[in-house]
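Asker: Take this structure first; my questions come after.
The values are calculated or read from the model by the stated rules, or taken from the named source; none is laboratory data. Since we're looking at a predicted model, the values are computed, not measured. Here the Cβ positions follow ideal geometry from the backbone for every residue, glycine too, while neighbour counts run over all protein chains shown. Ligands, DNA and RNA are stripped out before the accessible areas are found, and what is left, the full protein with its side chains, is counted by its heavy atoms. Shrake-Rupley method; radii C 1.70, N 1.55, O 1.52, S 1.80 Å.
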Amino acid sequence: MQTITTLQAVYNALDHVMDPEIPVLSVLELGMITDVKVDLEGVHVKMIPTFSACPAIDVIKENITNAVERELQMPAFVTVDKEMNWNSNRLTETAKEKLRNYGIAPPGKHEGEVNLDMLIKVSCPHCGSENTYLRSPFGSALCRALHFCKECGMMFEQFKPLS
């Protein structure tokens, strides 16, 4: 039988905390967790939202607290990390594939600066065509833009690149 450490158990619990707006992605796959510490008080988790005005931040914090406390039977304290900002390069490759399968185009990788081409030149997650256009920089959530594919005729959202 393999024994897992308390820290591994925390990460296992976090892997089951899904984003309420994109329920196929965990907070780990989104790169939202910046630090985890375990001490005598309990488990301390630092996290960052994908957008500073993310309306789901309180729900995500509560879901993290509940998952960690349920799995580890220890108090959990979740804080927003004010020292770090999220950027779209924090998405794992698994997250990008899950986004595509969910019908959302993942953001491209950037070198610290996002340019307009990254928002305009987007492949369709449904058919893979690059024959698409930006319909609106505003999608159903702050972190998404709305596109249309001229090949398959599907509307789709893109997870916006952010530096």
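Asker: List every residue whose amide H lies under 5 Å from the amide H of Ala76, counting only residues 5 or more places away in sequence or on a different chain, with H placed 1.01 Å from N in the peptide plane.
Answerer: Val43
Asker: Follow-up. In Å, what Kirkwood hydrodynamic radius results for the stretch 83-124 from the alpha-carbon pair distances? Mind showing how you got there, number by number?
Answerer: Values: mean 1/r = 0.0883 Å⁻¹.
Taking the inverse mean of 1/r over all distinct Cα pairs, the stretch 83-124 comes out at 11.3 Å.
Asker: Apply the Karplus curve 6.51 cos²θ - 1.76 cosθ + 1.60, θ = phi - 60°, to the phi angles in the stretch 147-163 and return the couplings in whole Hz, x for Gly and Pro.
Answerer: The phi angles translate into 10, 10, 9, 6, 7, 9, x, 9, 7, 8, 9, 10, 6, 5, x, 9, 9 Hz.
Asker: Also, I was wondering about something else. Cα axis of helix 93-102 to longest principal axis of the chain: angle in degrees, 0 to 90, nearest 10?
Answerer: In the chain, helix 93-102 runs at an angle near 60 degrees to the longest axis.
Asker: Follow-up question, since we're still on this one. What 222 nm value per residue comes from the helices of the chain, counting each DSSP H run with n ≥ 4 as -39,500 (n - 2.57) and dividing by all residues, nearest 500 deg cm²/dmol?
Answerer: Dividing the helical sum by the residues of the chain leaves -7000 deg cm²/dmol.
Asker: Then there is this: If you take the charge dipole of the stretch 1-121 about its Cα centre, with +1 on Lys and Arg Cβ and -1 on Asp and Glu Cβ, which of Phe51, Pro107, Ala67 is farthest toward its positive end?
Answerer: Pro107
Asker: Tell me, what is the percent relative contact order of the chain, built from C-alpha pairs under 8 Å that lie six or more residues apart?
Answerer: On the way: 298 pairs, mean separation 30.2, N = 163.
Across the chain, relative contact order equals 18 percent.
Asker: Rounded to a whole number, what % of the accessible area of the chain do carbon and sulfur atoms account for, probe 1.4 Å? Could the numbers behind the result be given before it?
Answerer: On the way: 4630 of 9120 Å².
Ligands and nucleic acids excluded, carbon and sulfur give 51 percent.
Asker: If the only charges are +1 at each Lys and Arg Cβ and -1 at each Asp and Glu Cβ, what is the size of the charge dipole of the stretch 52-140 around the Cα centre, to the nearest 20 debye?
Answerer: Roughly 260 debye, rounded to the nearest 20.
Asker: Roughly how far apart, in whole Å, are the Cα centres of the stretch 1-74 and the stretch 77-137?
Answerer: 21 Å
Asker: Further, regarding this structure: Output wanted: per-residue J couplings in Hz (rounded whole) for the stretch 120-135, from phi through Karplus 6.51 cos²θ - 1.76 cosθ + 1.60, θ = phi - 60°, x for Gly and Pro.
Answerer: 3J(HN,Hα) across the stretch 120-135, in whole Hz: 8, 8, 10, 7, 5, x, 8, 10, x, 5, 9, 7, 10, 9, 6, 8.
Asker: On to the next question. What number comes out for accessible area per residue over the stretch 26-163 if the probe is 1.4 Å? Units Å², please.
Answerer: 54 Å²
Asker: Based on C-alpha coordinates, I'd like the Rg and Dmax of the chain, in Å.
Answerer: For the chain, the Cα-based Rg and Dmax read 17.4, 58 Å.
Asker: Something else: If you keep only loop residues by DSSP, which GluC sites (Glu not before Pro) in the stretch 115-161 have at most 13 other Cβ atoms within 10 Å of their Cβ?
Answerer: Passing both the DSSP loop test and the Cβ count: Glu130, Glu151.
Asker: Charges only on Cβ, +1 for Lys and Arg, -1 for Asp and Glu: so what's the dipole of the chain about the Cα centre, in debye to the nearest 20?
Answerer: 460 debye
Asker: Can you give the FRET efficiency for Glu83 and Leu116, using 1/(1 + (r/R0)^6), R0 = 25 Å, r = Cβ-Cβ distance, to the nearest 0.05?
Answerer: Computed FRET efficiency for Glu83 and Leu116 comes out at 0.30.
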